[in-house]
Structure formats: structure tokens, C-alpha cells
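The values are calculated or read from the model by the stated rules, or taken from the named source; none is laboratory data. Bear in mind that the values here come from a model prediction, so they are computed numbers and not experimental data. Here the Cβ positions follow ideal geometry from the backbone for every residue, glycine too, while neighbour counts run over all protein chains shown. We work out accessible area using only protein heavy atoms, side chains counted, and drop any ligands, DNA or RNA first. Shrake-Rupley method; radii C 1.70, N 1.55, O 1.52, S 1.80 Å.
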Amino acid sequence: MGKILFYQWNAFMQRGIEDALKALHIDYDTYYDIPKNWDKDIAFSNRFIKKIEKENYSKILSVNFLPLISDICENRKIKYISWVYDSPLHIRRKNALKNACNTIYFFDRVQADTYRREGVEGARYLPLASSPKVFGIGETVSDNIEYTSDVAFLGQLYKSEFYDIAGGLSQYNRGYLEAVMDAQIVMPQGYIVDEMLDSDAMGSINKDFLKKSNGTYMVTKEELSYTLAKEITGRLRVTALSVLQNRFDVDVYSGDRSEQLNKVNYKGYADYYNRMPEVFTRSRINLNMSLCTIQSGIPLRVIDIMACRGFVISNAQPELYEYFVPGQDIEIYEDIPDLVYKVRYYLEHEEQRKQIAENGYKKICAKFNFEDRVKRMLEI
């Protein structure tokens with residue numbers, strides 16, 4: 001197979017992947033560096049080229065897709081394998097996705113299928129993975145009472161730039177975007193925002209921006225879509241938490257705050273490898289509310305909660321039903337009344353909740369482990 005270079009940056013899953021590379025006795029090196037811009041950074045590219053010139057690497061592996069690395073691999077005829085946990089991809093130069101050197105694994109099947117239809121031949125589908133070992137989770141649950149919660153939400157409340165952007169729009173265009181967001185909120189399955197931002201809508205919106213900025217400012221469809229997605233997700237999360245805070249003891253682990261959430265217990269940011277696992281393990285109920293751009297896939301948050309022996313109630317994602325049994329491995333809510341009912345039910349049914357958490361933990365260990373995923377990516 002030849003030697004592999006595992007490029008690393010400040011990404012999740014890297015520890016689990018490296019543990020798997022070691023367990024599988026794969027010959028690899030690591031290289032850590034962070035570009036200033038994922039699309040174009042000459043200094044980073046020169047450093048990376050200097051690194052790969054020292055060895056005859058057969059493949060380059062990374063978490064998330066970097067156009068810079070793809071272009072280098074394309075020019076030097078080296079296979080580039082990337083595993084993406086972002087939805088959407090936060091890159092501007094999408095043409096690099098079509099480089100022949102690429103095999104790009106997306107955790108969302110709809111995302112992978114969409115890219116393939118758009119001519120990205122290297123797009124593949126592969127669910128994410130997690131590992132109790134990465135988080136130091138043993139056979140028994142931690143007794144650290146600092147992170148004990150009845151109901152815990154860990155994540156962003158998504159303070160978007162929507163209102164800053166909307167200030168430059170006509171009343172019609174602002175109303176149109178509000179209508180698009182309202183429609184997305186009541187349609188939990190699928191993502192309609194991209195479809196609604198067609199060429200006519202974008203042309204009208206950018207006409208407003210150009211007029212307001214004296215011809216100096218426009219937005220791309222991708223930029224506006226992601227701004228709306230953050231705003232929609234933030235509204236959904238704040239609405240759900242505002243209902244729950246009036247009925248239960250709710251802890252929020254986030255760097256964000258909301259004026260509407262005046263009864264929750266703000267616990268601040270929880271770092272990924274140390275504090276976050278304690279939250280997932282010790283909380284009686286962990287909430288997942290997915291970013292609305294994730295159309296079918298299982299977010300890393302869900303898998304990490306279960307790997308930490310945590311109990312999770314998640315919004316409905318199509319792939320959750322493929323891999324897990326609601327009420328047996330995980331719990332899924334359909335709307336806010338259903339969420340309230342299930343939170344109350346599982347707070348009152350402790351043993352059932354613990355058994356579901358244990359079943360989910362075992363399924364993650366058996367079917368969502370890094371060794372299996374690395375074998376798939378490296379085709380071994």
C-alpha cells in the first residue's frame with residue numbers, strides 16, 4: 001500500500017483515526033500545519049510540498065477537504081483521501097473537488113449524491129465514527145457531579161449575520177428571505193433554501209446590495225444560504241430550549257447566549273476532549289438539534305454522545321432510522337410537543353433511559369468504530 005501522510009489541523013476525529021492507523025499497523029507519518037486560507041495560501045503549499053518531497057507517499061489523508069492539498073496531489077499524481085464532517089463544505093474554490101486524485105467521503109448521503117450529480121466523481125458516502133477510548137471513557141460512568149444535568153444542550157446557538165445583511169435589502173427581498181426561513185422551519189426533512197435562492201432571487205438581492213454599497217458588495221449563493229441556515233438553526237434551537245426551560249432544569253454549554261433563554265443554566269464552552277465527554281456522560285438527557293443543512297446524515301455530536309455512554313434525544317434525521325432503533329438505542333423527537341413529552345418521560349424512567357444509553361454505546365463500538373472506517377477509506 002505504501003506509506004501514508006496523515007495531514008492534521010485543529011479537527012475532530014484525528015485522534016481516533018490515528019489510533020486506528022496504529023492498530024491496523026499502517027505505515028504513516030503525520031504533518032500538522034494550518035493554512036491562512038484553505039483555498040489559496042502559497043506559503044502553506046510550499047511547506048506541504050517540501051514535506052512530501054522527503055518521502056514517497058502513496059496517499060495523503062485528511063479530515064475535511066482542503067483544495068490546497070488536492071491541487072498538490074493532482075499535480076504530483078498522489079491519491080488524496082478526505083473525510084468530511086462539515087455540511088456544507090466551507091470552501092470557495094469548489095472546482096478542486098473534481099480533481100482526479102480525490103476520494104472524498106461525506107457523512108451525509110444526500111450531500112455525497114448531490115456532488116456526484118454535479119460531476120465530483122470522487123464523492124463517496126461514509127458515516128462518521130467515534131471511540132470511547134479517545135475520550136477516556138471506561139466501563140463505568142464518571143461520578144464527577146460538576147457536570148450532572150437533567151437536560152443538557154452543548155453547542156452553538158448560532159448568532160448569524162442575517163440581520164446585518166438584511167439591513168441592506170429592500171422590504172420585498174427581506175420579506176422573501178423571511179418566508180424562505182419560515183418554510184424551512186416547518187419542513188424538518190430536506191433543505192429547501194438552496195432551491196429558493198435561484199438566479200432571479202440572487203439577482204434581485206445583489207441588486208439591492210450593489211445599490212446600498214455603491215457597487216462594492218455582493219454575496220454568493222453559498223454565503224447567503226449558510227447565513228440563512230445558521231439563522232434558521234439558531235431560531236429552532238432557541239425555541240426548543242425556551243419551551244424546555246419553563247418545564248425542566250436545563251443546562252446550556254455554549255459560548256453563546258440568548259435573551260430568550262433567561263431560565264437556563266449557562267455553563268460556558270465545553271472543550272471537545274476534556275469537558276465535553278463529562279457533560280455527555282453525566283447528563284441524564286443530552287439534546288441534539290442538527291444544523292439544518294444536514295439533510296440525511298448523522299451528525300458527529302450524536303455519535304460522540306453515544307460513545308460517551310450518554311443518552312441522546314435528537315431531531316429526526318433519515319439515516320438515524322437506518323442505523324438505530326428509536327426507543328432502543330436512541331430517542332428521536334418529531335416536534336416540540338413530542339420533545340417535551342419524551343424529556344419528561346425519560347426523566348421519570350431512569351432504568352429505561354440507562355438501558356437505551358448502554359445499547360447505543362454498544363452499537364457505536366460495534367458499527368461506528370474508526371478501524372472499520374479507516375479500512376474502508378484506505379480500501380484494505
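If you go through the stretch 339-354 and keep only what is among the aromatic types (Phe, Trp, Tyr) and touching a residue at least 12 places away in the same chain (Cβ under 8 Å), you end up with just TYR346. When the stretch 324-354 is filtered for residues that are over 25 Å from the mean Cα position of the chain (by Cα) and not aromatic (Phe, Trp, Tyr), the ones remaining, listed by number, are PRO337, ARG344, LEU347, GLU348, HIS349, GLU350, GLU351, GLN352, ARG353, LYS354. Among the residues of the stretch 33-51, not a single one is closer than 21 Å to ALA129 by Cα, open to solvent by 20 Å² or more (accessible area, probe 1.4 Å) and part of a loop (DSSP other than H, G, I, E, B). None of ILE72, ILE60 is over 26 Å from the mean Cα position of the chain (by Cα), at pLDDT 95 or above and under 24 Å from TYR115 (Cα atoms) except ILE72.
The helices (runs of 4 or more DSSP H) found wholly in the stretch 59-145 and carrying at least 1 residues that are out of contact with any Pro (no Cβ under 6 Å at 6 or more places or on another chain), of a type outside the set (Val, Ile, Thr) and farther than 28 Å from GLN317 by Cβ occupy 67-76. If you go through the stretch 317-333 and keep only what is open to solvent by 10 Å² or more (accessible area, probe 1.4 Å) and touching a residue at least 40 places away in the same chain (Cβ under 8 Å), you end up with PRO318, TYR323.
To keep it simple, each residue is scored yes or no on (1) surrounded by fewer than 18 Cβ atoms within 10 Å (Cβ to Cβ); (2) closer than 30 Å to PRO132 by Cβ; (3) not hydroxyl-bearing (Ser, Thr, Tyr).
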| residue | (1), (2), (3) |
| --- | --- |
| LYS207 | yes, no, yes |
| SER213 | yes, no, no |
| GLU223 | yes, no, yes |
| VAL243 | yes, no, yes |
| GLY268 | yes, yes, yes |
| ASN274 | yes, yes, yes |
| PHE280 | no, yes, yes |
| ARG284 | no, yes, yes |
| SER290 | no, yes, no |
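Looking at the stretch 284-316, which of its residues are under 14 Å from ILE356 (Cα atoms) and hydroxyl-bearing (Ser, Thr, Tyr)? Once the filter is applied, which keeps residues that are under 14 Å from ILE356 (Cα atoms) and hydroxyl-bearing (Ser, Thr, Tyr), the stretch 284-316 yields only SER314. LYS79 falls short on exactly one of the conditions (1) at pLDDT 95 or above; (2) of a type outside the set (Val, Ile, Thr); (3) under 26 Å from ALA307 (Cβ atoms), and that condition is (3).
Residue count for the stretch 93-114 satisfying the condition of being of a type outside the set (S, T, N, Q) and under 30 Å from MET276 (Cβ atoms): 8.
Pairing residues of the stretch 355-380 that are closer than 24 Å to ILE60 by Cβ and open to solvent by less than 80 Å² (accessible area, probe 1.4 Å) with residues that are at pLDDT below 95 and aliphatic (A, V, I, L, M), at Cβ distances under 9 Å and at least 6 apart in sequence or on separate chains, gives PHE370/VAL134; VAL374/ILE380; LEU378/MET1. In summary, helices (runs of 4 or more DSSP H) completely within the stretch 154-254 and bearing 3 or more residues that are acidic (Asp, Glu) and over 22 Å from PRO337 (Cβ atoms) occur at 221-245. Quick one: is SER204 more than 28 Å from ASP108 (Cβ to Cβ), touching a residue at least 24 places away in the same chain (Cβ under 8 Å) and touching a Ser or Thr at 6+ places or on another chain (Cβ under 7 Å)? Considered against the rule, which asks whether it is more than 28 Å from ASP108 (Cβ to Cβ), touching a residue at least 24 places away in the same chain (Cβ under 8 Å) and touching a Ser or Thr at 6+ places or on another chain (Cβ under 7 Å), SER204 comes out as no. Name the residue, out of VAL151, VAL63, VAL120, that is touching a helix residue (DSSP H, G or I) at 6+ places or on another chain (Cβ under 8 Å), within 19 Å of ALA307 (Cβ to Cβ) and surrounded by 15 or more Cβ atoms within 10 Å (Cβ to Cβ). Result of the check over VAL151, VAL63, VAL120: VAL63. Considering ARG92, ARG76, the condition of being within 21 Å of ILE42 (Cβ to Cβ), open to solvent by 40 Å² or more (accessible area, probe 1.4 Å), touching a residue at least 60 places away in the same chain (Cβ under 8 Å) and not acidic (Asp, Glu) is satisfied by ARG92 alone. Taking the listed residues ILE336, ILE294, the one that is over 30 Å from ILE26 (Cα atoms), touching a residue at least 24 places away in the same chain (Cβ under 8 Å), of a type in the set (Val, Ile, Thr) and in contact with an Asp or Glu (Cβ under 6 Å, 6 or more places away or on another chain) is ILE294, with no other qualifying.
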